[in-house]
Every structure is written in C-alpha cells, then in structure tokens.
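Remarks on the structure that follows.
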Amino acid sequence: MSGADLYDDVELYQAQYRHYRDDLPFYRSLALDRPGEVLEVGAGAGRVTVELARIAERVVALEPAPAMRAAAAARLAEAGVAERVELRAQDVRELSDEGRYALAVAPFHAIMHLLTVEDQDAALRAVRRALAPGGAFACDVFAPRF
C-alpha cells in the first residue's frame, strides 16, 4: 500500500475518525465465527486491530506507514492487547505466510490504496495463499453514489 503521506498526520486522522464505530460489530462477528489467527491488511492506527485482538487467538496486522504503526502500537498497549498482536511494517503484496489464517480482513478502504489492477491482483493472491482451508476474507471498499 502506498500513500504514506496521507497517514503521516496521525492526530488529524484520529480526530477525523474518533467516533467512527459502524464497522466494528461486523469485524467482531467475523472473528467470532472463525476462531484462530486473523490477518489484518492496513491496520492504520489500530482501531479495528484492538477489537480483533480481544476475540482472535492472535492478530497479524500489516501497516506500512510508520506513523500509523506507532499509533497502533500505542493503542494496543493502552487497550492491554499488545501481546496478542504482531504489528508488521509490511505490504500485503509481500506476504509470504501460507495457509495460516482463519480470517483475513482489509477494513476501512485499505484495498483501495492499491491503484492498479496488477497491485490489487497481487494483494488478493497473497491473501488467498495466506488463508487456511475454509478461511474467509472480508474487505471494505467505497462505492460512490453518482
């Protein structure tokens, strides 16, 4: 994922989305339905990561933007779930984990940062390889209404 410049100002990002919780019940229900390890693509400041960590065996959270990763680490520590999360400075397209995750999620438009079809295909292939048999993938994308 690119666009680190969009995520350098963590204070602004967190102020914009401080009260957004609409998607959390959806991701919680997915984690409850699929016990095991969870892969989160585009963890951002850890808003969804904290909720997943409260339910899942373990969460591997990918976040390439350093400022967002630091904010996520602080949020995870504050919530007391840091030991349940492996926070990686990794792009999903470089993921080599195979057959490991019961669930993979890309919340809050994370997939939309992949601007080319080639990048989108590479990310989706990596996620597919990372899923355990019977695993599921859920993502959130923006659908404009014209």
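Data table
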{"quantity": "Failed criterion for GLY44 (all others in (1) within 14 Å of the chain's Cα centre (by Cα); (2) open to solvent by 30 Å² or more (accessible area, probe 1.4 Å) hold)", "calculated": "(2)"}
{"quantity": "Test: residue in segment 117-126 that is open to solvent by 30 Å² or more (accessible area, probe 1.4 Å), in contact with a Lys or Arg (Cβ under 7 Å, 6 or more places away or on another chain) and either farther than 18 Å from PRO64 by Cβ or at pLDDT 95 or above (or both)", "calculated": "no"}
{"quantity": "Among residues of segment 39-48, those that are assigned to a strand (DSSP E or B) and charged (D, E, K, R), counted", "calculated": "1"}
{"quantity": "Some residue of segment 114-121 being part of a helix (DSSP H, G or I) and in contact with a helix residue (DSSP H, G or I) (Cβ under 9 Å, 6 or more places away or on another chain)", "calculated": "yes"}
{"quantity": "Restricting segment 52-74 to residues that are farther than 14 Å from TYR101 by Cα and in contact with a Gly (Cβ under 6 Å, 6 or more places away or on another chain), the residue that is modelled with the highest pLDDT", "calculated": "ALA72"}
{"quantity": "Tally, over segment 23-36, of residues that are in contact (Cβ under 8 Å) with a residue 60 or more places away in the chain and either open to solvent by less than 40 Å² (accessible area, probe 1.4 Å) or part of a loop (DSSP other than H, G, I, E, B) (or both)", "calculated": "7"}
{"quantity": "For ALA130: the one exception among (1) open to solvent by 20 Å² or more (accessible area, probe 1.4 Å); (2) under 14 Å from VAL59 (Cα atoms)", "calculated": "(1)"}
{"quantity": "Qualifying strands (runs of 3 or more DSSP E) (wholly inside segment 49-107; at least 3 residues being open to solvent by less than 50 Å² (accessible area, probe 1.4 Å))", "calculated": "58-62, 101-106"}
{"quantity": "Filter result (out of contact with any Leu (no Cβ under 7 Å at 6 or more places or on another chain) and hydrophobic (A, V, I, L, M, F, W, C)) within segment 63-75", "calculated": "ALA65, ALA67, MET68, ALA70, ALA71, ALA74"}
{"quantity": "Residue pairs meeting the criteria (Cβ under 8 Å; at least 6 apart or on separate chains; first on the phi > 0 side of the Ramachandran plot, in segment 111-130; second open to solvent by 90 Å² or more (accessible area, probe 1.4 Å))", "calculated": "none"}
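The values are calculated or read from the model by the stated rules, or taken from the named source; none is laboratory data. Bear in mind that the values here come from a model prediction, so they are computed numbers and not experimental data. Virtual Cβ from ideal backbone geometry, glycine too; neighbours counted across all protein chains shown. Accessible surface areas use protein heavy atoms only, side chains included; no ligands, DNA or RNA. Shrake-Rupley method; radii C 1.70, N 1.55, O 1.52, S 1.80 Å.
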